[in-house]
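Heads up, the thing below is written out as structure tokens.
The values are calculated or read from the model by the stated rules, or taken from the named source; none is laboratory data. Quick caveat: nothing in here was measured; it's all calculated off a predicted structure. Cβ coordinates were reconstructed from backbone atoms using ideal geometry, including for glycine residues, and neighbour counts include every protein chain displayed. In case anyone asks, the SASA skips ligands and DNA or RNA and just uses the protein heavy atoms, side chains included. Shrake-Rupley method; radii C 1.70, N 1.55, O 1.52, S 1.80 Å.
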Amino acid sequence: MKISTRNVCALPACGVVCALVFSASASGQTLTFTEVSAETGIVVNHQVPADMPMGAVVSGGAVGDFNNDGWQDLFVMSGGVEPDRLFINNGDGTFTDQAAAWGVALAHYGTAAVCADFNGDGWMDISVSSMGPSSGSPSPGMNMLYRNNGDGTFTDIAQAAGVAMRVATVDSFATAFGDYDGDGDLDMFSTAYTLHHQGNRLWRNNLRETGDETFTDVSAETGVDAAISDDVSGFVPGFVDIDMDGDLDIILIADHGSSRMLKNDGNGMFSDFTPFVDRLDEPNGMGLAIGDVNNDGRLDFYASSIFHSFLATSGNMLYIQEPDGTFTEHAQAAGVNECGWGWGVLIVDLDHDGLEDLVATKNAQGSSPSYIFQNDGAVLFEDISLQCGFLHYAGGRGLVNFDYDNDGDEDIVVFTNGGPVGVWRNDLVGPGANWLRVKLDTSARPGLAPDGFQSVVRIRAGETRHLQVIDGATNHCSSGEHGAHFGLGDIEMLDAVRVEWTDGTSTTLSNVPANQILTVHAPFHPADFNGDDTLDANDLAAFVAAFLASDPSADLDGDGLYALSDLLTWVRWYMDL
């Protein structure tokens, strides 16, 4: 299978494609996983100091292309007995630990790591939740924010940025990034675990207002404090426009039945939507994954919990979004709830059949390994862990997917508590295994969040439809690959790839070949139709030519028609200078 990497300065279009149906055929593939930690050089034995609070629940890391060479790297938290590791991808299937050279080889009481370009300078940064150096005692106010300097080094600026002290206890747990106020920079939500401490906080990025690298706690003024009581044991936060109304919502997965969903009301305020999510207040929530598992064009999510043999409806939870925007819990009916004591979870198409599969880690108890659930359609899944060789029996915590070898299929890393990191290479072979990876570049338009965070990517080929969101991939103690990955089955050419940006405009490419890593660049202005970085009559001419040819890029309102409304949309964009 030929693999290519393609950068495209794309043509804009706007709108929403509804009632999505996926019909990709994918017969004949063989899905096999091979454990390749030693082969890749990613060898870490996670160990926590004896005096570390909550040491039994942690182990994680974060995926990011830290040197912008097109190959994804991996930051691994070692637990505190040994320094953290930074594995830089050599581009040949191996990695080299460069933590010391980059300035992140610290031994500390670490809990979670998340990657995002928080300052919009084009370099991936790392937020690390920590209780301080393990040479001392666990202390509050020791969280880190590693700014990528773009020269092969990081600098911890958490104190100056105002986010080192997120809560006056040692239990700061995780962060997520997203542009909740639509100003083009990435804000942050942080969690804390201990009951009776209000440690789940929303932080506004001040970059657009002051030009500096600081954050302000806006939990009270945005209604977050009112919507989240002080007994929420926060583990994993996620920013996502769950109802696709143009405003970022928050999913907060928490222990002790205290998970919450907060809806963005569009006026700078959040309100509690938890009562409209069936059984969200029941699980001992640990992990979070977001995606469209039934290909109906609505976003669903999967949360890990604890399965009790005496309570069949316990365990991991699969929340399916209904047409009215509410959520119904389907895990038991779908066959994905019995996962022991669950931790990290993923939603990802591993076999390229066009259906999103589920992955779940668990405590080491029992004779079964962690789980891969193959999506059989109609919200039914089958555990194929044994037959595909995914044999991780240790105590899994964090979990990430990333195509580390750029061969198109998604590999998996399991972060083990008190044990070795497991790197599992996806060796998918056979016909009907086409794919597409989409990366977003918003550097030409400051009003859009870096790397297209929270943008929606949609694909179309004949009657086939599918979507994914760029949500930062936050999971338990970890964060995975940024971008959108699509399994395409037998499809070799897509009619259209549409990126819906968070400012209400979008970009559509037509006749896109499969089996490539496609980078879509947002134009400097949505009306720059020919992508020459200039607004003039040539853009109108390019639009009219595409319109007359019924090219998907000219369907600006996304209704599948080529009508006056599309021309009016382009004129509106052009006049909105």
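Points worth noting:
- Close pairs from the stretch 308-323: first exposed (fewer than 11 other Cβ atoms within 10 Å of the Cβ), partner not in a strand (DSSP E or B), Cβ under 8 Å, at least 6 apart: Pro323/Arg298
- Consider the stretch 98-111 and keep the residues that are open to solvent by less than 30 Å² (accessible area, probe 1.4 Å) and of a type outside the set (Phe, Trp, Tyr). The one that is farthest from Asp156 (Cα to Cα) is Thr111.
- Residue in the stretch 539-551 that is open to solvent by 20 Å² or more (accessible area, probe 1.4 Å) and modelled with pLDDT under 90 present: no
- When residues in the stretch 523-560 are screened for being more than 23 Å from Asp441 (Cβ to Cβ) and part of a helix (DSSP H, G or I), 7 of them pass.
- The set of residues in the stretch 561-577 that are open to solvent by less than 60 Å² (accessible area, probe 1.4 Å) and in contact (Cβ under 8 Å) with a residue 40 or more places away in the chain comprises Thr569, Trp570, Trp573.
- The set of residues in the stretch 38-78 that are open to solvent by 10 Å² or more (accessible area, probe 1.4 Å), farther than 16 Å from Met131 by Cα and assigned to a helix (DSSP H, G or I) comprises Ala38, Glu39.
- Of the criteria (1) open to solvent by 20 Å² or more (accessible area, probe 1.4 Å); (2) farther than 25 Å from Lys439 by Cβ; (3) in contact (Cβ under 8 Å) with a residue 12 or more places away in the chain, which one Gly132 fails: (1)
- Hits in the stretch 324-355 - residues which are open to solvent by 50 Å² or more (accessible area, probe 1.4 Å), of a type in the set (S, T, N, Q) and assigned to a strand (DSSP E or B): none
- Exactly one residue among Ser510, Ser506 is under 30 Å from Val429 (Cα atoms) and at pLDDT below 95, and that residue is Ser510.
- Count of the stretch 292-332 residues which are under 21 Å from the mean Cα position of the chain (by Cα) and among the acidic types (Asp, Glu): 3
- Residue count for the stretch 261-284, restricted to those that are in a loop (DSSP other than H, G, I, E, B) and surrounded by fewer than 21 Cβ atoms within 10 Å (Cβ to Cβ): 9
- The stretch 237-247, residues that are within 14 Å of Ile290 (Cα to Cα) and open to solvent by 10 Å² or more (accessible area, probe 1.4 Å): Asp241, Asp243, Met244
- Qualifying residue in the stretch 202-210 (condition: part of a loop (DSSP other than H, G, I, E, B), surrounded by fewer than 24 Cβ atoms within 10 Å (Cβ to Cβ), of a type outside the set (Gly, Ala, Ser) and touching a strand residue (DSSP E or B) at 6+ places or on another chain (Cβ under 9 Å)): yes
- Being of a type in the set (Gly, Ala, Ser), open to solvent by less than 10 Å² (accessible area, probe 1.4 Å), under 26 Å from Asn89 (Cβ atoms) and part of a strand (DSSP E or B) is a property that holds for Gly398.
- When Asp185, Asp171, Asp156, Asp151 are checked against the criterion of being farther than 24 Å from Asn475 by Cα and either open to solvent by less than 10 Å² (accessible area, probe 1.4 Å) or at pLDDT 95 or above (or both), a single residue qualifies: Asp151.
- Selection within the stretch 346-371 - over 30 Å from Glu463 (Cα atoms) and within 16 Å of the chain's Cα centre (by Cα): Ala360
- Residue list for the stretch 386-397, restricted to those being modelled with pLDDT of 95 or more and farther than 16 Å from Val423 by Cβ: Leu386, Gln387
- Odd one out for Ser258 among (1) of a type outside the set (Asp, Glu); (2) within 28 Å of Gly483 (Cβ to Cβ); (3) surrounded by 21 or more Cβ atoms within 10 Å (Cβ to Cβ): (2)
- Any chance Gly430 is over 24 Å from Asn89 (Cα atoms) and surrounded by fewer than 23 Cβ atoms within 10 Å (Cβ to Cβ): yes
- Test: Glu213 is out of contact with any Gly (no Cβ under 7 Å at 6 or more places or on another chain), open to solvent by 20 Å² or more (accessible area, probe 1.4 Å), in contact (Cβ under 8 Å) with a residue 60 or more places away in the chain and not polar (S, T, N, Q): yes
- Identity of the residue in the stretch 79-97, of a type in the set (S, T, N, Q) and assigned to a loop (DSSP other than H, G, I, E, B), that ends up most open to solvent (accessible area, probe 1.4 Å): Asn90
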